[in-house]
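Engineer: One structure, pasted below without further comment.
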C-alpha cells in the first residue's frame, strides 16, 4: 500500500505538524514503506492470537482513591506564557 | 406516511471519586480555577498516569447493576484531537475492551415495561473548561475538571419515543445515584446526555441516517429536543430532502436544534492503545467483593415498597427513584408507622416546598424525624390534616418538633364534644336559610349540603375542631330538625 502527497498533508494537519515543502516527498516514501511492511505482516495467519495491547507482559497497578496532590497553582503557572484570575490564557478558540 | 422514531442515548456520568482518574488531585466541585489541576492533569512532560482504583470499582458497580458482563481485561486507548482544554492532545478512554460489556435496564412506558439494551459502558477522562469571556481577545482555561473520571454509557437504539428516552435517562440517573457513584446533578454537568435520533417509515427494518443532539441538561429537554429534531427530519424528508449525519446543538431557549459547524476530519480520532497504561486485569474475587457492596437498587426497592408497604405502583416508582428521597421516606415511615400517609406528605407538601425553594431533599429544613413526628399527631387525632400543614409551615420556617409547634401555637385539636356542640348550635342558629334548604332537600342529597355547615364550624374553631366529631354531631343535629 502506498500513500500520496495529499495523505501526508492530511496526516500532518491532524497532528498539527508543519512540513517543509521539500520534505514532503521523503515523508511520502518513508510512510509508504512502513505501510508496506505492515501489509507484509498482515499476511501472517494470526487466528487465535489475542491482539497485543502493550509490549510489557504486566498488568496495571491501581492507586487508592486518596488526594495526594495539593494546590501548586502558583508554581505550575510560573511557566505559563499568560495567566489571569487563575486561568491559563490561550488564543481565542471559539469559532 | 407514518414514521417511526429510533433513539439511542450516550450518557456521560461523572464519578463521585475523591480524586482524578489518573492523578491524586481532588475532584471537589467549585474550587478556584486550576487549584485542583496537578502536573499530570496539565500533561507536563515526564508525568505518567496512575489509574484510580475507586473509579474502576464504581464503573464495575454500575456494570453489576445493569446485569452486564464485566470486562476482566480492560484496555485504555488514546482518542486524539486538539483543543486547549485537553492539554495532552488526546483523551484517555476505552474502545475495544471497555470495563462494562453488554447489559440492560427495564423502563416503564405507557405501553408497559420495555427493555433497553446497553451496548457497553467505558471509563474515560473529562476535559477542562474553556471560558470565552473576553480576556483581551483570548480564552481562559480552567483545568480543574480535566481528568475527572467519567463513565460513558452507550445504549442500543432501542427507544421509539422521546418519553421512552427520558424514562431510560431517569432510570440510569436513579441507578447511579442509588449506587452513590454520581451526585446526579444535571445542571452542574455531573450527568450529560447525547441523543442519537433517526426516523424510518413504519415497518421498515433499516435504520435511517441519524443526527446526534448535544447540550441537553435536563430530562425535560431530552423530550423536547428529540420531538423538535424528529419534526425537523420528517419535514426535511417529506419535502424531498435527506438527513445529513451530523452533530446538532439543542437550544432550549428557542426550542430548536442547529448544526454545529462540522470541522474537517473531525471524526478522525486515530485511536490507539495508550502505551502509558497497562491492561487493567481484575479477577472474580475482586468483582464479587464489589457485588457485596451494592445497595438495594431502585427496581428492588420499588417492589418492596409495593409488597411490604402497600404503596401504589406509581407512588413506589416515584419514591424509589432517588436514593436520598427513598431513604427520607423510609425514615418517615419508621417514625409514624403509616406508609401511605408518609408517601402523601413526602410527595405532596414536602415536594411542593422543596421545589418552590429549589432544594434537594437532603437539604430539607424539615428532617424526616420532624415530619414523622408531625404525622404521628395526625394519626392520633391531636391535629387535623389542615392544621398539620400549618404546623409543617412553621417547622419549615422556624424549626422545632411538631409537639413544640402545636403547643406554642395552641393548635391542638378540639375533641371536647361539649365545646363542639355549642359551636354547632351557634352555626345552625345563624344560618336559618341554609337550614331550611337542608330540610327541604331529598334525604339522599343532604350529605352534600353538610359541607357548608362543616366549613362554618371549622372556621368558628379556627380549624381546630376534630372533623370526624363535627361531622357526626352536625349530621345528627340537622337530621333531628328535619323530623
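The values are calculated or read from the model by the stated rules, or taken from the named source; none is laboratory data. The structure presented is a predicted model; accordingly, all values stated were derived computationally and were not measured. For neighbour counting, all protein chains shown are included, and Cβ atoms are generated from backbone atoms with ideal geometry for every residue, glycine included.
Engineer: Looking at this structure, is residue B:468 surrounded by fewer than 18 Cβ atoms within 10 Å (Cβ to Cβ) and either touching a strand residue (DSSP E or B) at 6+ places or on another chain (Cβ under 6 Å) or closer than 26 Å to residue B:343 by Cβ (or both)?
Structural biologist: Against the criterion (surrounded by fewer than 18 Cβ atoms within 10 Å (Cβ to Cβ) and either touching a strand residue (DSSP E or B) at 6+ places or on another chain (Cβ under 6 Å) or closer than 26 Å to residue B:343 by Cβ (or both)), residue B:468 qualifies.
Engineer: Among the listed residues B:307, B:320, identify the single one that is touching a residue at least 40 places away in the same chain (Cβ under 8 Å) and outside the structural domain of residue B:212 (by TED's automatic domain parsing).
Structural biologist: The conditions single out B:320.
Engineer: Please specify each residue of region B:1-60 satisfying the condition of being without any contact (Cβ under 8 Å) to a residue 60 or more places away in the chain, under 30 Å from residue B:295 (Cα atoms) and in a loop (DSSP other than H, G, I, E, B).
Structural biologist: Listed by number, the residues that qualify are B:18, B:24, B:28, B:30, B:50.
Engineer: Something else now. Provide a single number: the residues in region B:65-85 that are more than 11 Å from chain A (Cβ to nearest Cβ) and crowded, with 17+ Cβ neighbours inside 10 Å.
Structural biologist: Counting residues in region B:65-85 that are more than 11 Å from chain A (Cβ to nearest Cβ) and crowded, with 17+ Cβ neighbours inside 10 Å gives 7.
Engineer: Residue by residue through region B:140-170, note down the ones that are under 19 Å from residue B:101 (Cβ atoms) and part of a helix (DSSP H, G or I).
Structural biologist: B:168 - this is the single residue of region B:140-170 that is under 19 Å from residue B:101 (Cβ atoms) and part of a helix (DSSP H, G or I).
Engineer: So for region A:20-34 (the condition being away from chain B (no Cβ under 14 Å), farther than 20 Å from residue B:273 by Cβ, assigned to a loop (DSSP other than H, G, I, E, B) and in contact with a helix residue (DSSP H, G or I) (Cβ under 9 Å, 6 or more places away or on another chain)), does at least one residue qualify?
Structural biologist: No, because not a single residue in region A:20-34 is away from chain B (no Cβ under 14 Å), farther than 20 Å from residue B:273 by Cβ, assigned to a loop (DSSP other than H, G, I, E, B) and in contact with a helix residue (DSSP H, G or I) (Cβ under 9 Å, 6 or more places away or on another chain).
Engineer: Follow-up. Would you confirm, using the coordinates I've provided, whether residue B:132 is in contact with a strand residue (DSSP E or B) (Cβ under 7 Å, 6 or more places away or on another chain) and within 14 Å of chain A (Cβ to nearest Cβ)?
Structural biologist: In short, yes.
Engineer: In region B:439-453, which residues are modelled with pLDDT under 85 and touching a helix residue (DSSP H, G or I) at 6+ places or on another chain (Cβ under 7 Å)?
Structural biologist: Once the filter is applied, which keeps residues that are modelled with pLDDT under 85 and touching a helix residue (DSSP H, G or I) at 6+ places or on another chain (Cβ under 7 Å), region B:439-453 yields B:439, B:441, B:446, B:449, B:450.
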